[in-house]
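Engineer: After the structure tokens below, expect a handful of questions from me.
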Amino acid sequence: MNSRSQDSAGFAALDMSTLGERLGNVPAIADKVGRDISQWKVREVGDGNLNLVFIVEGDKGGVVVKQALPYVRLVGESWPLPLKRSFFEYHALRRQEKRAGVGSVPAIYHFDEGQALLAMEYLSPHVILRRRLIEGAILPKIGRDLGLFCARTLFRGSDLAMPTRERKQDVALFCDNVELCDITENLVFTDPYFEAELNQHTSPQLDGIVAELRADRDLKVEAQRLKHLFAAKAETLLHGDLHTGSVMVTETDTRVIDPEFAFYGPIAFDVGMMLANFWMSYFSQAGHENNGDRSEMREWLLSVTDEIWSVFRAEFSHLWRTERNGILYASSIFEERGDTLASEQALNTVLSEIWTDLLGFAGIECHRRILGLAHNADFETIEDPDLRARCERPALLFGRQLAVNRSRIHSMDEVNEMARIIASEDA
Ligand SMILES: Nc1ncnc2c1ncn2[C@@H]1O[C@H](COP(=O)(O)OP(=O)(O)OP(=O)(O)O)[C@@H](O)[C@H]1O
Ligand SMILES: [Mg+2]
């Protein structure tokens, strides 16, 4: 039985005053926080849009408790959203930890399906990556860590690596994450391209370009082709919401959080979304120069996109050569026949398809963060709307180029040079 219960009978949302009583007798939590609940200090983090997140600290240590609500936290009961997203987050975290290694995601201590509640490692002193990028922080490990995370989770969750029976069962399990997929399908691929009710953009500054993009036939077709790919290509278990707000960092540690959108989709989706958020950070830097010039930061951000992609490619190729035990590209017709060249040719074809598609997903992500419902803090924290629009406009143009011309772009150098040119021409 794969389908999750839609029933929220017995569910009760946690609050700060009752959390100790309700979770104090859960051994896995009390072991981490301390048995004496009178010592527990509970805070709500409060910067997420969908769920409740509490930090619980006691005499022994701390945990984070995340609980889904039967609706979108930010909007309220008028926007119902099933509790089962917590189930998918839990299962995705377990698979990511197995595939990308202990320490790539927060450790999980406890999961209660009926209460849609996950207790996990309190990452401290970690900070959300997006915030560090807005502050202008250069993080030397980030490109490598994210490139490895993507290659390992995406390769090992696909039919390149997994026993196919296990994978098919897993596809069936995650297929039920319909409502969160529906959010992506509408908010990412469709709403930005017409006057959807919940859309917003910096107005009137961007009205002209927004109208142009919404009238752009090639762009609309491309966005729908990408949506088609997202919906139809159940290639691997995606994180599904992999952006710089879903990564927590210190100078030396990188953790990926919040995979509640997990779903089987195309490898290129996660990689493209992540890269887009570094490009948006690049375009937004001009809006954060009140404390000094960000030229070095800008060039570093472009170098990170280069590193993510080259580390991804190298690790994916390594896994192709050493862990290709699934049903795809069987070694019985390649290596075992002494035809390593054919295997390498197939690898290059697969990588080149991922490349072309990730550019498309990245382009669409740039649009939806500026034209849709869910904006990102990189632009939103630029208070002066004229200045914000001057940062957002080149990101929109860049996104359009990526989406429409993706099959004609062949290297990261080309993409990054395009970003520089668009930023300088449009300044
Ligand atoms: N394991 C953790 N350790 C420390 N802080 C955390 C942890 N998990 C989440 N947080 C904090 O809580 C915030 C919200 O968490 P998360 O993004 O998982 O919630 P969400 O409701 O799914 O939000 P979103 O709107 O991004 O979907 C994060 O931005 C981060 O500041
Ligand atoms: Mg979330």
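The values are calculated or read from the model by the stated rules, or taken from the named source; none is laboratory data. Treat the numbers as computed from the prediction; the structure is a model and nothing was measured. In this analysis, Cβ positions are derived from the backbone assuming ideal geometry, glycine residues included, and neighbour counts consider all displayed protein chains.
Engineer: Since SER104 meets every condition but one in (1) within 30 Å of LEU154 (Cβ to Cβ); (2) within 16 Å of ligand 2 (Cβ to nearest atom); (3) at pLDDT 95 or above, which condition does it not meet?
Structural biologist: The failed condition is (2).
Engineer: Can you find a residue that is closer than 15 Å to GLY363 by Cβ and buried (at least 21 other Cβ atoms within 10 Å of the Cβ) anywhere in segment 197-205?
Structural biologist: Looking through segment 197-205, none of the residues is closer than 15 Å to GLY363 by Cβ and buried (at least 21 other Cβ atoms within 10 Å of the Cβ).
Engineer: Suppose we keep only residues that are within 15 Å of LEU133 (Cα to Cα) and crowded, with 24+ Cβ neighbours inside 10 Å within segment 250-277. Which one would you say is nearest to the chain's Cα centre (by Cα)?
Structural biologist: Only one residue tops the list, namely MET274.
Engineer: Do the conditions hold for SER424, that is, is it assigned to a helix (DSSP H, G or I), exposed (fewer than 14 other Cβ atoms within 10 Å of the Cβ), in contact with a helix residue (DSSP H, G or I) (Cβ under 6 Å, 6 or more places away or on another chain) and of a type outside the set (Asp, Glu)? Steps first, please.
Structural biologist: Working: assigned to a helix (DSSP H, G or I): yes; exposed (fewer than 14 other Cβ atoms within 10 Å of the Cβ): yes; in contact with a helix residue (DSSP H, G or I) (Cβ under 6 Å, 6 or more places away or on another chain): no; of a type outside the set (Asp, Glu): yes.
No.
Engineer: Between a residue in segment 243-256 that is of a type in the set (Asp, Glu) and any residue that is near ligand 1 (Cβ under 9 Å from one of its atoms) and at pLDDT 95 or above, which pairs come within a Cβ distance under 8 Å, given they are 6 or more apart or on different chains?
Structural biologist: ASP253/HIS126
Engineer: Determine if segment 218-227 includes at least one residue that is within 22 Å of LEU81 (Cβ to Cβ), surrounded by fewer than 16 Cβ atoms within 10 Å (Cβ to Cβ) and in the same structural domain as GLY326 (by TED's automatic domain parsing).
Structural biologist: Initial filter on segment 218-227 (within 22 Å of LEU81 (Cβ to Cβ)): 227.
Now narrow it down to the ones that are surrounded by fewer than 16 Cβ atoms within 10 Å (Cβ to Cβ): none.
No, segment 218-227 contains no residue that is within 22 Å of LEU81 (Cβ to Cβ), surrounded by fewer than 16 Cβ atoms within 10 Å (Cβ to Cβ) and in the same structural domain as GLY326 (by TED's automatic domain parsing).
Engineer: In segment 61-81, which residue that is outside any loop (DSSP other than H, G, I, E, B), buried (at least 20 other Cβ atoms within 10 Å of the Cβ) and under 20 Å from the mean Cα position of the chain (by Cα) is nearest to ligand 2 (Cβ to nearest atom)?
Structural biologist: Of all residues in segment 61-81, those outside any loop (DSSP other than H, G, I, E, B) come to 62-67, 71-72, 76-80.
Filter once more, so that each one left must be buried (at least 20 other Cβ atoms within 10 Å of the Cβ): 63, 65-67.
Going one step further and asking which of them are under 20 Å from the mean Cα position of the chain (by Cα), we end up with 66-67.
Working: LYS66: 9, GLN67: 12 Å.
Across segment 61-81, the extreme among qualifying residues is LYS66.
Engineer: Which of the residues spanning segment 45-60 are in contact (Cβ under 8 Å) with a residue 24 or more places away in the chain, within 12 Å of ligand 2 (Cβ to nearest atom) and among the aliphatic types (A, V, I, L, M)?
Structural biologist: LEU50, LEU52
Engineer: For segment 17-36, which residues satisfy the criterion of being out of contact with any Leu (no Cβ under 8 Å at 6 or more places or on another chain), surrounded by fewer than 18 Cβ atoms within 10 Å (Cβ to Cβ) and in a helix (DSSP H, G or I)?
Structural biologist: GLU21, PRO27, ALA28, ASP31
Engineer: For segment 48-60, check the following and say yes or no: at least one residue is exposed (fewer than 13 other Cβ atoms within 10 Å of the Cβ) and within 16 Å of ligand 1 (Cβ to nearest atom).
Structural biologist: Here is the first cut: in segment 48-60, the residues exposed (fewer than 13 other Cβ atoms within 10 Å of the Cβ) are 49, 59.
Subset that is within 16 Å of ligand 1 (Cβ to nearest atom): 49.
Checked against the condition, which is being exposed (fewer than 13 other Cβ atoms within 10 Å of the Cβ) and within 16 Å of ligand 1 (Cβ to nearest atom), segment 48-60 yields at least one hit.
Engineer: Something else about it: May I ask you to verify whether ALA389 is touching a Leu at 6+ places or on another chain (Cβ under 7 Å), farther than 14 Å from LEU206 by Cβ and in contact (Cβ under 8 Å) with a residue 24 or more places away in the chain?
Structural biologist: Numbers: touching a Leu at 6+ places or on another chain (Cβ under 7 Å): yes; farther than 14 Å from LEU206 by Cβ: no; in contact (Cβ under 8 Å) with a residue 24 or more places away in the chain: yes.
It is false that ALA389 is touching a Leu at 6+ places or on another chain (Cβ under 7 Å), farther than 14 Å from LEU206 by Cβ and in contact (Cβ under 8 Å) with a residue 24 or more places away in the chain.
Engineer: OK, next. Scan segment 331-365 residue by residue and report those that are exposed (fewer than 13 other Cβ atoms within 10 Å of the Cβ) and not in a helix (DSSP H, G or I).
Structural biologist: SER332, ILE333, GLY338 - these are the residues of segment 331-365 that are exposed (fewer than 13 other Cβ atoms within 10 Å of the Cβ) and not in a helix (DSSP H, G or I).
Every residue, every condition in (1) in a loop (DSSP other than H, G, I, E, B); (2) in the same structural domain as ILE354 (by TED's automatic domain parsing); (3) farther than 30 Å from GLY10 by Cα, yes or no:
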{"site": "VAL102", "(1), (2), (3)": "yes, no, yes"}
{"site": "ILE134", "(1), (2), (3)": "no, yes, yes"}
{"site": "PRO140", "(1), (2), (3)": "yes, yes, yes"}
{"site": "ASP145", "(1), (2), (3)": "no, yes, yes"}
{"site": "GLU179", "(1), (2), (3)": "no, yes, no"}
{"site": "THR184", "(1), (2), (3)": "no, yes, no"}
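Engineer: Next question. Restricting to segment 243-290, name every residue that is under 20 Å from SER86 (Cα atoms), assigned to a helix (DSSP H, G or I) and touching an Asp or Glu at 6+ places or on another chain (Cβ under 6 Å). Lay out the reasoning, then the answer.
Structural biologist: Kept after step one, since they are under 20 Å from SER86 (Cα atoms), are these residues of segment 243-290: 243, 245-248, 255-265, 270.
Of the ones still in play, those that are also assigned to a helix (DSSP H, G or I) are 245-246, 270.
Across segment 243-290, the qualifying residue is only SER246.
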